[in-house]
Amino acid sequence: MSKLIGKMLLTAFLISTMTACVKEDQPIIDDASVQYSDFETEVMNQVNNYRNSIGLEKLSRLNLVSTEAETHSVYMLNKQTLSHDNFDIRTQNLMNNASAISIAENVAYGYKTAEELLNSWLNSPEHRRKIEEKRYTDFGISAKNNSGGSYYVTQIFIERK
């Protein structure tokens, strides 16, 4: 009888553990290790300062997003071209790993200061729209220098569930 009770308790424990593992509202564990350069930090600060100046919430930095941005900045640097290639893959990764439900991306090349970069994005209606989108909650960035000292930049904005 005690073996039967033990098996029943073990079964109940395993079922409750499995149910907990598939819970959809689990918090995101942002354990991606990212070392931000001064340039990347300054761009994020300037974007948040701009959003704050027009009455929008500041975005939270999410390392998982920056990790996705880095793959693309390295890609652009290696190809020596500005693009949104493989955005669908970054989107799917962020939907799966960061509970993102809406994703946008700004890319840039040729800027040596965060201020120049932000001004360029704000002077472009499409880039500005992404920066000013109210629904975005988090963002990430990656900037990779080429041999001439100019950056290939990927900044990704997400809305989480």
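In the stretch 68-121, what residues are in a helix (DSSP H, G or I), touching a Leu at 6+ places or on another chain (Cβ under 8 Å) and more than 15 Å from residue 140 (Cα to Cα)? Answer for the stretch 68-121, where residues must be in a helix (DSSP H, G or I), touching a Leu at 6+ places or on another chain (Cβ under 8 Å) and more than 15 Å from residue 140 (Cα to Cα): just 76.
Just for the stretch 121-150: of the residues that are hydroxyl-bearing (Ser, Thr, Tyr) and modelled with pLDDT of 95 or more, which one is surrounded by the fewest Cβ atoms within 10 Å (Cβ to Cβ)?
Just the residues of the stretch 121-150 that are hydroxyl-bearing (Ser, Thr, Tyr), to begin with: 124, 136-137, 142, 147, 150.
Next cut, modelled with pLDDT of 95 or more only: 124, 136-137, 142.
Working: 124: 14, 136: 23, 137: 18, 142: 26.
Across the stretch 121-150, the extreme among qualifying residues is 124.
Cβ separations smaller than 7 Å between residues 6+ apart or across chains give the following pairs from the stretch 54-79 residues that are touching a residue at least 12 places away in the same chain (Cβ under 8 Å) and closer than 14 Å to residue 106 by Cβ to residues that are open to solvent by less than 30 Å² (accessible area, probe 1.4 Å) and among the acidic types (Asp, Glu): 59/138; 65/138. Among residues of the stretch 136-153 that are in contact (Cβ under 8 Å) with a residue 40 or more places away in the chain and of a type in the set (Lys, Arg), those with a Cβ under 6 angstrom from a residue that is assigned to a strand (DSSP E or B) and crowded, with 20+ Cβ neighbours inside 10 Å, sequence gap 6+ or separate chain, pair up as 144/152. Within this structure, residue 88 fails the test of being out of contact with any helix residue (DSSP H, G or I) (no Cβ under 7 Å at 6 or more places or on another chain), within 23 Å of residue 117 (Cβ to Cβ), open to solvent by 90 Å² or more (accessible area, probe 1.4 Å) and modelled with pLDDT of 95 or more. If you go through the stretch 114-131 and keep only what is within 18 Å of residue 145 (Cβ to Cβ) and not aliphatic (A, V, I, L, M), you end up with 115, 116, 120.
For residue 118, are the conditions met, namely being buried (at least 20 other Cβ atoms within 10 Å of the Cβ) and either touching a residue at least 40 places away in the same chain (Cβ under 8 Å) or basic (Lys, Arg) (or both)?
In short, yes.
Tally time: how many residues in the stretch 52-62 are open to solvent by 30 Å² or more (accessible area, probe 1.4 Å) and not basic (Lys, Arg)?
Total satisfying the criteria: 6.
The values are calculated or read from the model by the stated rules, or taken from the named source; none is laboratory data. Computed from a prediction, not measured in an experiment: that's the story for all the values here. No Cβ is skipped: glycine too gets one built from the backbone with ideal geometry, and neighbour counts run over all protein chains shown. When the accessible area is computed, the model is the full protein with side chains, heavy atoms only, and any ligands, DNA or RNA have been set aside. Shrake-Rupley method; radii C 1.70, N 1.55, O 1.52, S 1.80 Å.
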